[in-house]
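Chemist: I have a structure here, written as structure tokens, and I will follow up with some questions on it.
The values are calculated or read from the model by the stated rules, or taken from the named source; none is laboratory data. Computed from a predicted model, the values in this text were never measured in an experiment. Glycine also receives a Cβ, built like all others from the backbone with ideal geometry; neighbour counts cover every protein chain displayed. When the accessible area is computed, the model is the full protein with side chains, heavy atoms only, and any ligands, DNA or RNA have been set aside. Shrake-Rupley method; radii C 1.70, N 1.55, O 1.52, S 1.80 Å.
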Amino acid sequence: MLHRYGLLQNKLFVDFVNEQLLITAQNHLHQVNELFGATALCYTLYGNYYVPGGLINMVKPVVNYIKAQGSEVKYGQQVTAIETTETGYRTTTAKGSFDSRFVISGIPLNNTLALFQNKSVQQKLQKYVLPSGMLNGAFTMGLVLQQKSPEVLHHQVHVAGGLPLIGSRSIFISFSHNSDRQRAPAGEVVAAISTHVPDPAINYIGQKAVLEEAICRVLANRGLIRMEDIKYKQGATPGAWNFWTHRAYGAVGGYPQYRHIKPWQMKDARLDHWGAYVCGDTVYPGQGIPGVCLSGIIAARKLVQDQL
């Protein structure tokens, strides 16, 4: 498509397309099909939304709704196994076990495969699981700045030559709104930063401070922050993601687009065609809140369709 319009030799435009696709499709243009690529490139034509207090306030209404319906939300319980029983499933955690008729897994397929004790489910899932070399991790960083946020809160910054240690060629940064006192007091703003880390299982970042400094320098050179205004900074490697979320390899975001995997060949919501379903960011190509929400809606509708 780029060749057809005489753009394939335009390095600046190709770099732009590649980094935009990396946000949404989790891969570069040579691996992304035209239909999904067009969708991925067009999503920035729409406005962004800001949630006062941060994304946690998108979750709280859902939790409140669940509780209002008489259900319970349990926190801090790492699931260690899921077994099929005569009446449904037994989910075992580090703190106990639960029996249920249905199970909906919202964790990556890599982790889901390791939890299900049913050999048939394991065999069916194996072909959908991607190794670390085909996935992305992330280096993330939070900044507290003694400055005002820029008028535009969300930025993608391209890095000529790439960042040290990981080679990533773009940085994503989002600032808190100046009027959002839930996230930062007057005179301060919070900035959330992330950048891709390919093959997270082998890309161990031992010199975290070097990468933090490089990212801050790039942002300062672009006029988005001032080094002297940094009050606090904290970075997290794929190893930290692995430790805190237990996601396989510390991978984040959705499964990347690959030319050899057609959209209809990706895992659907039905896990075992009995009562187990899957949703989340490894059952659709790319990443983003709309995709995650859509996968949850699909799983719920499939369950209702199958059981009623």
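Chemist: Where the only charges are on Cβ atoms (+1 Lys, Arg; -1 Asp, Glu), what is the dipole of segment 79-222 about its Cα centre, to the nearest 20 debye? Before the final figure, lay out each step's value.
Modeler: Numbers: 13 positive and 9 negative charges, 32 e Å.
With Lys and Arg at +1 and Asp and Glu at -1, about 160 debye.
Chemist: Taking H as built 1.01 Å from N, whose amide H comes closer than 5 Å to the amide H of Ala81, not counting residues under 5 places away?
Modeler: When sequence neighbours closer than 5 places are left aside, the close amide H contacts are Thr92.
Chemist: Taking the Cα centre of segment 1-140 as origin, work out the dipole magnitude from +1 charges on Lys and Arg Cβ and -1 charges on Asp and Glu Cβ, in debye rounded to 20.
Modeler: In debye, rounded to 20, segment 1-140 gives about 220.
Chemist: Something else: Output needed: percent of Cα pairs per 10 Å distance bin for segment 155-206, bins running from 0 to the one holding the longest distance.
Modeler: In order of increasing distance, the bins hold 23, 35, 25, 17, 0 percent.
Chemist: About its Cα centre, what dipole magnitude does the chain give when the only charges are +1 on Lys and Arg Cβ and -1 on Asp and Glu Cβ, stated in debye to the nearest 20?
Modeler: Here the size comes out at about 180 debye.
Chemist: Sticking with this one: For Cα pairs less than 8 Å apart in space and 6+ apart in sequence, what is the mean separation divided by the residue count of segment 75-181, i.e. the relative contact order in percent?
Modeler: For segment 75-181, the relative contact order is 15 percent.
Chemist: Could you list which residues have their amide H under 5 Å from that of Ile104, counting only those 5 or more apart in sequence or on another chain, with H placed in the peptide plane?
Modeler: Here the answer is Tyr277, since their amide H atoms fall under 5 Å of that of Ile104.
Chemist: Positive end of the charge dipole of the chain (Lys, Arg +1 and Asp, Glu -1 on Cβ, about the Cα centre): tell me which of Ser120, Val62, Ser132 has its Cα farthest that way.
Modeler: Of the listed residues, the answer is Ser120.
Chemist: In addition: Among the helices of the chain (complete DSSP H runs), which have Cα atoms covering no less than 24 Å along the helix axis and a Kyte-Doolittle mean of at least 0.0?
Modeler: Passing helices, by number: 289-307.
Chemist: Let me know the shape class of segment 62-220, please: from the alpha-carbon gyration tensor, a ≥ b ≥ c as square roots of the eigenvalues, rounded when a/c is under 1.5, otherwise prolate if a/b is greater than b/c, or oblate.
Modeler: Details: a/c = 3.21, a/b = 1.57, b/c = 2.05.
It is oblate, given that a/c is not under 1.5 and a/b is not larger than b/c.
Chemist: Suppose the chain between Tyr232 and Ile298 were pulled fully straight at 0.36 nm per residue; how much longer would it get relative to their current alpha carbon spacing?
Modeler: Extending this stretch completely gives an extra 19.7 nm.
Chemist: Compute the accessible area per residue over the chain, keeping the other protein chains in place, probe 1.4 Å, unit Å².
Modeler: Value for the chain: 57 Å² per residue.
Chemist: When the solvent-accessible surface of protein heavy atoms is calculated with a 1.4 angstrom probe, in what order do His273, His154 fall, highest first?
Modeler: Working: His273 130, His154 70 Å².
The ordering from most to least exposed comes out as His273, His154.
Chemist: By the scheme Lys and Arg +1, Asp and Glu -1, what is the net charge of all other residues having a beta-carbon under 13 Å from that of Leu303?
Modeler: Once all neighbours under 13 Å are counted, the net charge is +1.
Chemist: Using R₀ = 41 Å, calculate the FRET efficiency as 1/(1 + (r/R₀)^6) where r is the Cβ-Cβ separation of Phe102 and Lys11; round to 0.05.
Modeler: Rounded to the nearest 0.05, the efficiency is 0.20.
Chemist: Next up: If DNA, RNA and ligands are ignored and the probe is 1.4 Å, what is the ranking of Glu83, Glu151, Glu19 by accessible area, most exposed first? Don't jump to the answer; show the numbers that get you there.
Modeler: Numbers: Glu83 80, Glu151 180, Glu19 15 Å².
Order by accessible area, largest first: Glu151, Glu83, Glu19.
Chemist: What ranking of Thr112, Thr140, Thr245 comes out by heavy-atom accessible area, probe 1.4 Å, highest first?
Modeler: Most to least solvent-accessible, the answer reads Thr245, Thr140, Thr112.
Chemist: While we're on this one: Which far-off residues, 5 or more places away or on another chain, put their amide H under 5 Å from the one on Ser168, with H placed in the peptide plane?
Modeler: Those lying under 5 Å, H to H, from Ser168 are Leu163.
Chemist: Does segment 184-308 come out rounded, prolate or oblate, given a ≥ b ≥ c as the square roots of the eigenvalues of its C-alpha gyration tensor, rounded meaning a/c under 1.5 and, failing that, prolate meaning a/b above b/c?
Modeler: Judged from the Cα gyration tensor, segment 184-308 comes out prolate (a/c at least 1.5, a/b above b/c).
Chemist: Placing +1 on the Cβ of each Lys and Arg and -1 on the Cβ of each Asp and Glu in segment 1-138, which of Thr80, Phe36, Phe98 has its Cα farthest towards the positive end of the resulting dipole?
Modeler: Phe98
Chemist: At what distance in angstrom do the alpha carbon centres of segment 218-240 and segment 172-187 lie from each other?
Modeler: When both Cα centres are located, 15 Å separates them.
Chemist: Could you look at the chain and say what percent of its accessible area is carbon and sulfur, using a 1.4 Å probe and all protein chains?
Modeler: With neighbouring chains kept in place, the figure for the chain is 57 percent.
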